[in-house]
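Contents: one structure, followed by commentary.
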Amino acid sequence: MSTSPEFRVDVYQNEYLPVGGREVNAIVTVAATGSGGAQAQGAAPAAEVIIVDCSGSMNYPPTKLREAKRATAAAIDTLRDGVRFAVIAGTERAGMVYPREGGLAVADARTRQRAKSSVAQLVADGGTAIGRWLSLADELFRGQDDAIRHAILLTDGRNEHESPAALEQTLAACHGRFVVDCRGVGTDWVVDELRKVANAMLGTVDIVADPVGLEADFQAMTATAMGKSVGDVRLRLWTPQGATIRFVKQAEPTVLDLTGRRIATSAQVGDYPTGAWGTESRDYHVCVEVNPAKVGDVMLAGRVSLVSVSPDGRDEVLGQGLVKATWTEDTARSTKIHPVVAHYTGQAELAEAIQEGLEARRVGDLDTATAKLGRAVALAARSGNTDTATLLAKVVDVDDPVTGRVRLKTKVSQADAMTLDTRSTKTSRVRKS
Amino acid sequence: MTTNLPCPDCGTDVSPDDQFCEACGGGLGVQAPVDGCAACGATEIDQDGFCARCGFRRPAARDRIDLDLPGVAGVSDRGLRHEHNEDAIAVRRVDGCGEVVVVVSDGVSTSDNPEDASAAAVEAAADTLVAALREGDDPARATRSAVVAAASAVAELVRDKPSDNAPACTIVSAVVSADRVTVGWVGDSRAYWLDRDPDAPSSCLTIDDSWATQMVAAGLADEETAFADSRAHALTAWLGADAGEVRPHTITVRPTGPGVVLVCSDGLWNYLWDADSLAAQTLPLAMTAPLASARALTRFALERGGHDNITVAVVPFPPRPASTGSTQE
Ligand SMILES: [Zn+2]
Ligand SMILES: [Zn+2]
């Protein structure tokens, strides 16, 4: 039997509102600990599907396909015995690579070897239709409700061979059923498109500009997936009657807006799927608007629970935290923004400023690009997000990081711009004590 | 089997069928707990004390207390700025002789768990007073024992919950007998004599253990200067493990005519401190309707901003004779 991690939920907020105040903000941190972490071999049952882009462009340069094969082999080697798995070749259609007859194989020395020889024979020839690849993965995962379901999706190009609406439809159908970590290799894919896929599928998105980096990345992703010990975890939010949920966002490790993903279980309770959990921590920003009450009154503005949903429909509450509101005439108390809330509000604005700045730069609106990226530089500097600051410095020359005075670089490599865009949602942590 | 509940006034176990407390005569209907949510009426309250529908927290039992016994009434209110009511009040009648006992305590909000301190103080003092008066002790002597008992009860709180900032509180007690009023205190909670006759003098019976009052008493500052000082309200004596030896102050007065004894925390007197003004505001209503009078004074403090917890007890003098209970409204 698997040993489930312990979930600890902490709430950081300033619960004091001014007279007539409505908006309640809180950062809810969830830390899963214990369970032996990534070493919990043989812990929870797992199912893994690796989707390799086999469109014709994977031959240009030929290193892309070669490295994709090596990376897939490394991922297969990382699967522990007993994990059910498959490899899909993605073109304008989706084809089984291994097991060729469909379904999932059970990982052992023999199946791993066979899978790798099938992968070695892959040829790149065809188009790109990501939605169809995901539909096949969804089919393969059917009946694996007891397993932690994870897929790796590798692409090198634009989703050309199906309509955006068709992709949207597939994403809506697959949301919450399995987690997909997405990787774009080279620089001919579209960041916004792949980010949409990763966000909908509760996974990560990253760029591997140099195909040589794929092998280590695939291995790491598979190892992380193997370390997950509880699947189908949902963030459940209770709000008082008459309240409005302004937003629910994952704030750390990346900014991810969950607001529209609410699955209402009653008028006052809704679930937001968060995928599978290993030993890790994530932070969420919850913003609720409540009806104001009298000075001195205390109201529960939200109850946030982490709930594990099992295949038989039974819910287990893993942990919970309370978001409160108290009205006060003391403006010194009510005007204070909790530093953790302020930090993540800044990180969300940082991601937005980068994405808007790069978009403006792409369409030639250089004033907006300079203003937005300058703002991003200032936010990154102030919050100590050095990773993002470093990436920004490859796109702009920074005159003053404090005020955000910057000049757009005249020559920016496509890889640097895409890396900044892809990683714009990565947030920095903040000291919470 | 019937489940007994504690009397909200004196803590004695009473049967749920009783209308009045056997021990103190307190009307038990006055404080019947509200069923469900006080804000929206929903019946489901979650394990954290919040309404499952509208999210309101059920008011803490001490947020607002209205006590109405024959011949004595009291109100204790959280006020508008504090999250908890750290004041406490106990009201007792000593059966047989018609004496009324009132104890008010104000928890020092900068200490740890001040609400525990004030609750322990009023319980210990009221119990001791009633026991001593029943034994036939002189009220002044009983009062000193009561304050000392309260002091040890508060000091002992650190035994269960060790603390660097020991729970602390003030205390003021009044024993109202047929021929005299005996007051005891430590700290800055007050007792007033308010004379029914507007021409007769009303007065504050207590002298605050506070920086300002002590400066004035020692002739080191005039009242205006002393009370304008930032240290004005700093306590110079209190109850608590860190208080050192407690010396209860007592005073006994023998009123020549009717009036009321008003016992209160600074949540009231900060807004209205002059005895004659208090008398003008309170009388003659307080003679016949002590609860209405205590509520009116509390409302007055709330309207002025309610910056602190407010506790007010009103005892008409001479006290009403002991009643059988069944004739009470
Ligand atoms: Zn009683
Ligand atoms: Zn309610």
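Looking at the stretch A:323-373, which of its residues are within 14 Å of chain B (Cβ to nearest Cβ) and among the aliphatic types (A, V, I, L, M)? Full working, then the answer.
Let us first name the residues in the stretch A:323-373 that are within 14 Å of chain B (Cβ to nearest Cβ), namely A:323-334.
Scanning the stretch A:323-373 gives A:Val323, A:Ala325, A:Ala332.
Of the residues that make up the stretch A:271-279, is at least one under 30 Å from A:Ser383 (Cα atoms) and open to solvent by 30 Å² or more (accessible area, probe 1.4 Å)?
First pass over the stretch A:271-279, keeping only residues under 30 Å from A:Ser383 (Cα atoms): A:272-279.
Applying the additional criterion that residues be open to solvent by 30 Å² or more (accessible area, probe 1.4 Å) yields A:279.
Yes, there is a match, as at least one residue in the stretch A:271-279 is under 30 Å from A:Ser383 (Cα atoms) and open to solvent by 30 Å² or more (accessible area, probe 1.4 Å).
Going by the conditions given, is B:Asp106 among the charged types (D, E, K, R) and touching a Cys at 6+ places or on another chain (Cβ under 7 Å)?
yes
How about the stretch B:59-75: which of its residues are more than 10 Å from chain A (Cβ to nearest Cβ) and either in contact with a Gly (Cβ under 9 Å, 6 or more places away or on another chain) or without any contact (Cβ under 8 Å) to a residue 40 or more places away in the chain (or both)?
B:Ala61, B:Arg64, B:Ile65, B:Asp66, B:Leu67, B:Asp68, B:Leu69, B:Pro70, B:Gly71
Restricting attention to strands (runs of 3 or more DSSP E) lying wholly within the stretch A:138-244, give those where 2 or more residues are within 14 Å of chain B (Cβ to nearest Cβ) and of a type in the set (A, V, I, L, M, F, W, C).
Because the criterion is at least 2 residues that are within 14 Å of chain B (Cβ to nearest Cβ) and of a type in the set (A, V, I, L, M, F, W, C), the strands (runs of 3 or more DSSP E) in the stretch A:138-244 that meet it are A:230-238.
Looking at the stretch A:283-306, can you tell me whether even one residue there is more than 14 Å from every other protein chain (Cβ to nearest Cβ) and among the basic types (Lys, Arg)?
no
Quick one: is A:Asp138 open to solvent by 30 Å² or more (accessible area, probe 1.4 Å), touching a residue at least 12 places away in the same chain (Cβ under 8 Å) and either within 28 Å of A:Arg84 (Cβ to Cβ) or under 18 Å from the mean Cα position of the chain (by Cα) (or both)? Give the derivation first.
Working: open to solvent by 30 Å² or more (accessible area, probe 1.4 Å): no; touching a residue at least 12 places away in the same chain (Cβ under 8 Å): yes; either within 28 Å of A:Arg84 (Cβ to Cβ) or under 18 Å from the mean Cα position of the chain (by Cα) (or both): yes.
So A:Asp138 does not fit the description; no.
In the stretch B:256-273, which residues are open to solvent by 30 Å² or more (accessible area, probe 1.4 Å) and more than 19 Å from the chain's Cα centre (by Cα)?
Answer for the stretch B:256-273, where residues must be open to solvent by 30 Å² or more (accessible area, probe 1.4 Å) and more than 19 Å from the chain's Cα centre (by Cα): B:Thr256, B:Pro258.
Mind listing whichever residues of the stretch A:3-27 are hydrophobic (A, V, I, L, M, F, W, C) and either open to solvent by 40 Å² or more (accessible area, probe 1.4 Å) or under 19 Å from A:Gln250 (Cα atoms) (or both)?
Matches in the stretch A:3-27: A:Phe7, A:Val9, A:Val11, A:Val19, A:Val24, A:Ala26, A:Ile27.
Filter the helices (runs of 4 or more DSSP H) completely within the stretch B:208-288 down to those with at least 3 residues that are among the hydrophobic types (A, V, I, L, M, F, W, C) and within 29 Å of B:Glu303 (Cα to Cα).
B:223-228, B:275-282, B:285-288
How many residues are surrounded by fewer than 24 Cβ atoms within 10 Å (Cβ to Cβ) and of a type in the set (Phe, Trp, Tyr) when one looks only at the stretch B:151-192?
The number of residues fulfilling the criteria is 0.
Among the numbered criteria (1) assigned to a loop (DSSP other than H, G, I, E, B); (2) crowded, with 21+ Cβ neighbours inside 10 Å, which one does A:Ala124 miss?
Condition not satisfied by A:Ala124: (2).
I'm checking my understanding of the structure. Among residues of the stretch A:307-322 that are more than 10 Å from chain B (Cβ to nearest Cβ) and under 13 Å from A:Val11 (Cα atoms), which one is surrounded by the most Cβ atoms within 10 Å (Cβ to Cβ)?
The qualifying residue surrounded by the most Cβ atoms within 10 Å (Cβ to Cβ) is A:Gly321.
Please verify whether the stretch A:148-157 includes one or more residues that are at pLDDT below 95 and open to solvent by 20 Å² or more (accessible area, probe 1.4 Å).
No, that holds for no residue.
Need the failing condition index for B:Glu83 against (1) more than 9 Å from chain A (Cβ to nearest Cβ); (2) modelled with pLDDT under 90; (3) on the phi < 0 side of the Ramachandran plot, just the number.
It is condition (1) that B:Glu83 fails.
Matching residues to (1) open to solvent by 40 Å² or more (accessible area, probe 1.4 Å); (2) more than 22 Å from the chain's Cα centre (by Cα):
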{"site": "A:Thr29", "(1), (2)": "no, no"}
{"site": "A:Ala44", "(1), (2)": "no, no"}
{"site": "A:Glu48", "(1), (2)": "no, no"}
{"site": "A:Met58", "(1), (2)": "no, yes"}
{"site": "A:Pro62", "(1), (2)": "yes, yes"}
{"site": "A:Thr91", "(1), (2)": "no, yes"}
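The values are calculated or read from the model by the stated rules, or taken from the named source; none is laboratory data. Since we're looking at a predicted model, the values are computed, not measured. Note that we place each Cβ from the backbone using ideal geometry, even for glycine, and neighbour counts take in every protein chain shown. Please note that ligands, DNA and RNA were not included when accessible areas were found on the heavy atoms of the full protein model with its side chains. Shrake-Rupley method; radii C 1.70, N 1.55, O 1.52, S 1.80 Å.
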